[in-house]
1. Taking θ as phi - 60°, what are the ³J(HN,Hα) couplings along the range 61-78 by the Karplus curve (6.51, -1.76, 1.60), each to the nearest whole Hz, with x for Gly and Pro?
2. In debye, nearest 20: dipole of the range 66-118 around its Cα centre with unit charges on the Cβ of K, R (+) and D, E (-)?
3. Spelling out what I want: for every residue of the range 102-114, take phi, set θ = phi - 60°, compute 6.51 cos²θ - 1.76 cosθ + 1.60 (Karplus), and round to whole Hz; glycine and proline get x.
4. Once R0 is set to 41 Å, what does the formula 1/(1 + (r/R0)^6) return for the Cβ-Cβ distance between MET92 and GLN132, expressed as a FRET efficiency to the nearest 0.05?
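Rule-based calculations on the coordinates, nothing more; no lab input. Quick caveat: nothing in here was measured; it's all calculated off a predicted structure. Heads up, the Cβs are rebuilt from the backbone with ideal geometry, glycines too, and the neighbour counts pull from every protein chain shown.
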Amino acid sequence: MAAKKTAAGKTTKKPKAASSTKKTASKKASAKKTSAKKPAARRGAVTGLDKSVEQFRDSLERSVTLSRDRLQEVVDDAVKRGRMTRSDAEKMFSDLVKKGRRQTDALLKELERLIQQARREVGGRTEPVRKQATQAARRARKKLG
């Protein structure tokens, strides 16, 4: 707004034209709407991936890892002390190993799913830029000969 001095030495403000103010305000409002929509959509996708990663992390934290050798030592020690029979110990050992394999396979499957999801999201975001770069390279080649 432009300032104007009166005869008394006071400053008064002269309002601008209403039409230009309305146009500027509507442009700002539409720009805000557009910019507000994009990050929200991205946040939703990232949040889904973040939740999946968090679930995977929780699964890892809840799991216990023992080597086969250490497990065999513990079972052999229990048999030696007379706490369990050899057949029970062998059955328990094989059951624990099978269960561990199933859990490992499930965790690896979940990890592969998360990696594929992340690749799709990254690919979706980079595809337009990749297309523009390819088109620019084609145009440059045509100009050169």
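1. Listing the rounded values in order: 5, 7, 7, 10, 10, 10, 6, 4, 4, 5, 4, 4, 4, 5, 5, 4, 4, 5 Hz.
2. Numbers: 13 positive and 10 negative charges, 26 e Å.
Taking the Cα centre of the range 66-118 as origin, the dipole is about 120 debye.
3. 4, 5, 4, 4, 5, 5, 5, 4, 5, 5, 4, 5, 5
4. 0.10
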